[in-house]
Structures are given as structure tokens and as C-alpha cells.
Amino acid sequence: LLQYAKELRSPVLVHVLTQKGRGYAPAQQEPRLYHGVGQFDPISGAPLKAAAESFSDVFGTEMLRLAEKNPKLCTITAAMPGGTGLLLFKNMYPQRTFDVGIAEEHAVSMAGGLAKQGMVPVVAIYSTFLQRAYDMILQDVAMLGLHVVFAVDRAGLVGEDGETHHGVFDVGFLRHAPGMKLLCPANLEEQKSMLRWAVRDCNGPVAVRYPRGGDGNYLQSDFVPGQNVYRHASGADVTLITYGTLINNVLSAADLLKDHGVQATVLRLTELSQIDTTHILKNMSETKRIVVVEEIAGGCGIAQELAWLLHQYDKDILVDAIDLGKRYITHGNTNRLYSHYGLDAKSIADLVLEGRKDEE
């Protein structure tokens, strides 16, 4: 058939029906589990280590709790009920679950329509796929000030999910939308708190962005609506600012800096919609050097705006940025990618130390 199509001297469409996992029995039986895989036994298909509870798992469980108390709560996803953690919700509330297929634009517009009719729609879509619905976020939701909750899964590096799935642009395009609130949990417990507030107490559009995977070492939940700057370490030499689960790497970098006699203040932002410069100025270190660490593509984060805002108060404040740069990120294990692109603890500490040498 392909040979015949090649010989035709006109446009031709070859329609092929594929089967995911074809030729490998475990993948044919459980195709969802093999969408993005870690190490597994090739004979049995079983993973070599049990998966820990993930942000997607917690999202699905918390949605069940919220739906039990709110009959107007519904979910929308774009062919990813399994990946986003909504299978249990789909089974429990089939009439309140809408899988629109691979049509993210339609998913967001539909959410706007449901919100106008008094429903509380939660749109669960991977960060990299939410990009397709940028126009609808702006005009069908944000422009109308509608209460739509965006559960932005796979934000940041995604490891084994691959090059096309890294969610490294969402901070930029979501912060652009007027009225959009953007929340970034540092751990599973904080994700629950943010999701509850987004569903029950927020009035307009709100996004909760969280990564693939689960908890790191930082387990404290600090989220208080209206307060978005938290200080986790105090030091006189440099201020490190970050958000989300990257706080784990930044706190480790601060410990490494101590070994070199450098005392760092560590600030974490829980909301990126508006940057609270007053609290940053109040909590920053005595020196006027700030390093913003972001798991986001260069130019898509908050570093540039933060630098501009702080310079309105003090022209001597120096703001450096550590991010993924203006490039497409390759496939690989997340920790290896952190190291490769300079977002692991050692690389962060090294950059701070190099900056101090330049100042001297």
C-alpha cells in the first residue's frame, strides 16, 4: 500500500489503524502504564521499583473529596483521564467527567461555557498540551473573568515522558492572562491546599501547576491565600528565590554554600500571578544580590519582571537568573537533566560562588 501511494502523482492519505504496545503483551494489556516508562523487567513488564504517590494521584483523590461536597464540580480532560489522575473520578462521577479527546482548545472553551452556567469546571491537561489552548484561555475564560480551574500537570521537566512533554513555557503564557492566578505547590500536601482554595474560594480563573512525580525532601505546607513569599533560610550574602518543587534543589544549594562560608537567604513564592516586591525587599539578605532559580525556559519565568520591579526601589540590586535557557530540552532522567542544564544543587551553588568571585 505504501509503495502504491508513493507511485501516485497526486495528494494521497494513508489511514493506518495502530495498536499501542503492539508486539509486547504487557504494553498491549496496560497501554497507559507504558506511555512514559522508567526501568522495568522486560520479561514480566513490572517496574523495578514501586511508584511513589504522585501529584497526579493526589489531584485525582482530592477531586473526589471536593466533588462529594459540591455537585457543581466537574472535570474536563483531553484524552488523558489516566495520565492526569482522573480515572477514579470518571468511574465515580461519569456524568461530571468530560473527555473531549485530543482537543485542548475545545476543552478550555467548553470549560468557559460550563462556568457561565454555574458549574465549577476543572480542566486537567499537561502543561505542554495546554499551549494549544492559549487563545481560548485568554478570550473564552480570562477575558470573561470566569471561574475555571486549570490543573496543569507535568509542569517543568518530565523525565521519561520525553522531549515533547517538558512543561517549560506555561509560567510565561499563563501569567500573561489578566486576572489569572497561578499557584505552585512545593509538595503533595500543599497541592491539596491550593486545589481546595482554587475550587472553593477563588472567583476568577486560577491555575495550579505541578510536576510529574511526587514529594522531595521539603514537606512543609505553607500556603496561605494572599501571602506568597515565604522565607526558608536566612543569610547575609545572597538571596535565592524559587518556587514549586525546585525548592528542594535550592535548599540543598544553600547547604552547600554554607560549606564555602556563604550564607544564603532562601525565599519561595507560592503564587506567581503578582510578585510581592514589598515582602521580597523585607526578607532578602543584606547584600543586594538575588539569584532567581526557575525550572522554566529562558524568558518564560519571573526573573526579568522581578529585576525590573526591584530596580524601581533600588538601582543597585543585582538579579541573576538560573533557568533552562532558550532551548528545547532533551529526553532524560529528571535528576540528570537538572545536572545537565545547571539546576541541580551543585550547579546552583557554583554559579553563586562564581558571581561572588566576579564581584571581588
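The values are calculated or read from the model by the stated rules, or taken from the named source; none is laboratory data. Because the structure is a prediction, the values reported are computed rather than measured. FYI the Cβ positions are ideal-geometry reconstructions off the backbone, even for glycines, and counts take in every protein chain you see. The accessibility values were calculated without ligands, DNA or RNA, using every heavy atom of the protein model including side chains. Shrake-Rupley method; radii C 1.70, N 1.55, O 1.52, S 1.80 Å.
Can you tell me how many residues in the range 109-124 are open to solvent by 10 Å² or more (accessible area, probe 1.4 Å) and part of a strand (DSSP E or B)?
Going through the range 109-124 one residue at a time, the tally reaches 1.
How about the range 243-360: which helices (runs of 4 or more DSSP H) wholly inside it have at least 2 residues that are open to solvent by less than 40 Å² (accessible area, probe 1.4 Å), modelled with pLDDT of 95 or more and hydroxyl-bearing (Ser, Thr, Tyr)?
334-341
Among the residues of the range 34-77, which ones are in contact (Cβ under 8 Å) with a residue 40 or more places away in the chain and either of a type in the set (Ser, Thr, Tyr) or touching a His at 6+ places or on another chain (Cβ under 8 Å) (or both)?
Result: Gly36, Ser54, Ser56, Thr75, Thr77.
Matching residues to (1) among the β-branched types (Val, Ile, Thr); (2) in contact (Cβ under 8 Å) with a residue 12 or more places away in the chain; (3) open to solvent by less than 30 Å² (accessible area, probe 1.4 Å); (4) under 21 Å from Leu86 (Cα atoms):
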site: Tyr126; (1), (2), (3), (4): no, yes, yes, yes
site: Asp153; (1), (2), (3), (4): no, yes, yes, yes
site: Trp197; (1), (2), (3), (4): no, yes, no, yes
site: Asn228; (1), (2), (3), (4): no, yes, yes, no
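Looking at Phe40 and the list (1) touching a strand residue (DSSP E or B) at 6+ places or on another chain (Cβ under 7 Å); (2) exposed (fewer than 12 other Cβ atoms within 10 Å of the Cβ), which single condition is not satisfied?
Condition not satisfied by Phe40: (2).
Considering only residues that are open to solvent by 70 Å² or more (accessible area, probe 1.4 Å) and in a loop (DSSP other than H, G, I, E, B), which ones fall in the range 22-37?
Arg22, Gly23, Glu30, His35
Among the residues of the range 226-242, write down those that are outside any strand (DSSP E or B), touching a helix residue (DSSP H, G or I) at 6+ places or on another chain (Cβ under 9 Å) and within 14 Å of Ala264 (Cα to Cα).
Correct list: Ser234, Gly235, Asp237.
Condition check ((1) of a type outside the set (Phe, Trp, Tyr); (2) under 17 Å from Asp153 (Cβ atoms); (3) more than 24 Å from the chain's Cα centre (by Cα); (4) surrounded by fewer than 18 Cβ atoms within 10 Å (Cβ to Cβ)) across all residues:
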{"residue": "Ala52", "(1), (2), (3), (4)": "yes, yes, no, yes"}
{"residue": "Pro71", "(1), (2), (3), (4)": "yes, no, yes, yes"}
{"residue": "Ile76", "(1), (2), (3), (4)": "yes, yes, no, no"}
{"residue": "Gly82", "(1), (2), (3), (4)": "yes, yes, no, yes"}
{"residue": "Leu86", "(1), (2), (3), (4)": "yes, yes, no, no"}
{"residue": "Ala107", "(1), (2), (3), (4)": "yes, yes, no, no"}
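Looking only at the range 203-225, which residues are in a loop (DSSP other than H, G, I, E, B) and open to solvent by less than 10 Å² (accessible area, probe 1.4 Å)?
Pro205, Tyr210
When the residues of the range 159-176 are narrowed to those that are among the hydrophobic types (A, V, I, L, M, F, W, C) and surrounded by fewer than 21 Cβ atoms within 10 Å (Cβ to Cβ), which ends up farthest from Leu138 (Cα to Cα)?
Phe169
Within the range 1-21, how many residues are in a loop (DSSP other than H, G, I, E, B), surrounded by 10 or more Cβ atoms within 10 Å (Cβ to Cβ) and more than 30 Å from the chain's Cα centre (by Cα)?
Within the range 1-21, residues that are in a loop (DSSP other than H, G, I, E, B), surrounded by 10 or more Cβ atoms within 10 Å (Cβ to Cβ) and more than 30 Å from the chain's Cα centre (by Cα) number 1.
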